[in-house]
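Working notes for the structure below.
The values are calculated or read from the model by the stated rules, or taken from the named source; none is laboratory data. Everything quoted here is computed from the prediction, not taken from an experiment. So basically every Cβ, Gly included, is an ideal-geometry build from the backbone, and we count neighbours across all protein chains shown. Note: areas computed on protein heavy atoms with side chains; ligands, DNA, RNA excluded. Shrake-Rupley method; radii C 1.70, N 1.55, O 1.52, S 1.80 Å.
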Amino acid sequence: MLEGYAPGYGRDAVSMMSARTAAERATFAQPLFGPGMWVVDLGCGPGSITLGLAAESRVTGIDLDAGQIAMARDIARRAGRSTVDFLVASAYDLPFADASVDVAFSHALFEHLAAPLDALAELRRVLKPGGRLALSTSDWSKARVRPKTANVDAALRGHYLLRRQAGGNPFAGRVIAEQCAAAGFTEIVSRARYRSDMSYRDLARYVESRLEAAAAEPGRDRDQLASAARSALTWVRGGDGDFSQCWVEVTATR
């Protein structure tokens with residue numbers, strides 16, 4: 001299956017990623033970090049979380065997009081974080097030796113991967129025996145969207161379709177713990193955490209913009225996406241509401 005980053009790198013998506021911090025997104029992982037460790041942040045994006053990880057450790061951010069890595073390097077340079085570096089690499093082919101990393105962290109990546117088990121196997125390869133894994137991935141099936149009218153529901157179904165077309169799984173949080181076990185990790189602990197990633201109305205605009213763009217492209221699902229885009233436009237023009245995303249946070253041991 002082809003794999004891509006469904007949100008894209010438009011201004012709204014990059015702004016959303018850049019607003020994320022370790023203080024908010026990596027609290028569950030902080031007890032795993034210690035002085036002198038080597039921590040890898042897989043799918044680091046613009047590095048806003050990476051820079052807040054493990055202040056007394058070496059930290060390496062990894063992302064497949066060279067533009068995101070350039071942005072992260074610039075932010076790290078301006079912040080004076082000499083112990084943080086960033087590399088362009090694939091989650092399936094990390095440029096590290098076997099059993100060399102102390103902690104692997106990842107936020108908001110696994111829901112976009114076409115082969116999450118392969119990525120987990122690669123993380124397990126680079127982790128030291130007893131090394132720790134800490135990852136967070138979303139589960140749209142448990143997201144709180146209220147009110148969830150018929151148009152909102154139809155628009156979200158189109159949104160999920162776009163995620164699947166890009167090779168991802170909008171419900172990745174449902175299965176991530178089981179996938180960690182299948183990849184050979186042990187001592188797996190999983191919990192759900194709800195966050196207001198954006199407002200209800202911003203979510204409506206975000207979904208509508210992606211569906212409108214996708215519906216304009218030729219493809220097998222064009223009619224379904226066009227219908228979902230019309231529902232999303234009705235959602236955009238409606239009233240306010242509440243939105244909280246469900247993030248499933250997992251820690252495990254190599």
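Which ³J(HN,Hα) values in Hz, rounded to whole numbers, follow from the phi angles of the range 101-107 under the Karplus curve 6.51 cos²θ - 1.76 cosθ + 1.60, where θ = phi - 60° and Gly and Pro get x?
So the Karplus estimates, Gly and Pro as x, are 9, 7, 9, 10, 10, 7, 10 Hz.
Output the Cα-based Rg and Dmax of the range 177-254 in Å, rounding Rg to one decimal and Dmax to a whole number.
Reported Rg and Dmax, both Å: 18.1, 49.
Label points 7 Å out from Cα along the Cβ direction at Ser141 and Ala23: separation in nm?
Each label point is offset 7 Å from its Cα along the Cβ direction, giving 3.5 nm.
Pull out a ≥ b ≥ c, the square roots of the eigenvalues of the alpha-carbon gyration tensor of the range 119-254, then state rounded if a/c is under 1.5, prolate if not and a/b is larger than b/c, and oblate in the remaining case.
Prolate is the answer for the range 119-254, as a/c is 1.5 or above and a/b outweighs b/c.
Using all Cα-Cα distances in the range 70-184, what percent lands in each 5 angstrom bin from 0 up to the longest?
2, 10, 16, 18, 16, 14, 11, 8, 4, 2, 0
What number comes out for the charge environment of Thr50, summing +1 per Lys or Arg and -1 per Asp or Glu over other residues with Cβ under 12 Å away?
Net local charge, Thr50 excluded: +2.
Given the whole protein assembly as supplied and a 1.4 Å probe, what does the accessible area of Val84 come to in Å², nearest 10?
Spelled out: Val84, probe radius 1.4 Å, area about 10 Å².
Using a simple spin-label model with points 7 Å from Cα along the Cα→Cβ vector, what separation in nm is obtained for Gln30 and Arg157?
Result: 4.2 nm between the two label points.
What's the magnitude of the charge dipole for the chain around its Cα centre, counting Lys and Arg as +1 and Asp and Glu as -1 at the beta-carbon? Answer in Debye, nearest 20.
480
Past the 22 angstrom mark, what percentage of all C-alpha to C-alpha distances in the range 29-136 do you count?
23
Kindly sort Ile188, Ile49 by accessible area of their heavy atoms, largest first, with the probe set to 1.4 Å.
I get Ile188, Ile49, largest accessible area first.
Out of His112, Leu127, Ala97, whose Cα points farthest toward the positive end of the dipole of the chain (charges: +1 Lys, Arg; -1 Asp, Glu; placed on Cβ)?
It is His112.
Considering the zone a paramagnetic label at Lys148 would reach in this model (a point 7 Å from Cα along the Cα-to-Cβ line), which residues of the range 212-254 have amide N under 13 Å from it?
242-246
Could you tally the net charge around Gly158, taking each other residue with its Cβ under 15 Å from the Cβ of Gly158, Lys/Arg +1 and Asp/Glu -1?
+3
Helix 200-215 versus the longest principal axis of the chain: what angle, 0 to 90°, nearest 10, using Cα atoms?
80
Quick check on the chain: helices-only [θ] at 222 nm, where DSSP H runs of length 4 and up contribute -39,500 (n - 2.57) each and the sum goes over total residues. Nearest 500, please.
-11000 deg cm²/dmol
In nm, to one decimal, how far is the modelled label at Ala79 from the one at Ser227, with both set 7 Å along Cα→Cβ?
4.5
Helix 150-165 sits at what angle to the longest principal axis of the chain, using alpha carbons and giving 0 to 90 degrees rounded to 10?
50
Work out, step by step, the length gained on full extension between Asp118 and Glu56: first 0.36 nm times the residue separation, then minus their alpha carbon distance; give nm to one decimal.
19.3 nm
Which ³J(HN,Hα) values in Hz, rounded to whole numbers, follow from the phi angles of the range 61-76 under the Karplus curve 6.51 cos²θ - 1.76 cosθ + 1.60, where θ = phi - 60° and Gly and Pro get x?
Per residue, the Karplus-derived 3J(HN,Hα) values read x, 10, 8, 7, 8, 5, x, 5, 5, 4, 5, 5, 4, 5, 5, 5 Hz.
Report, please, the projected area of the chain averaged over directions, based on the convex hull of its C-alpha atoms, in nm².
Answer in nm², one decimal: 13.0.
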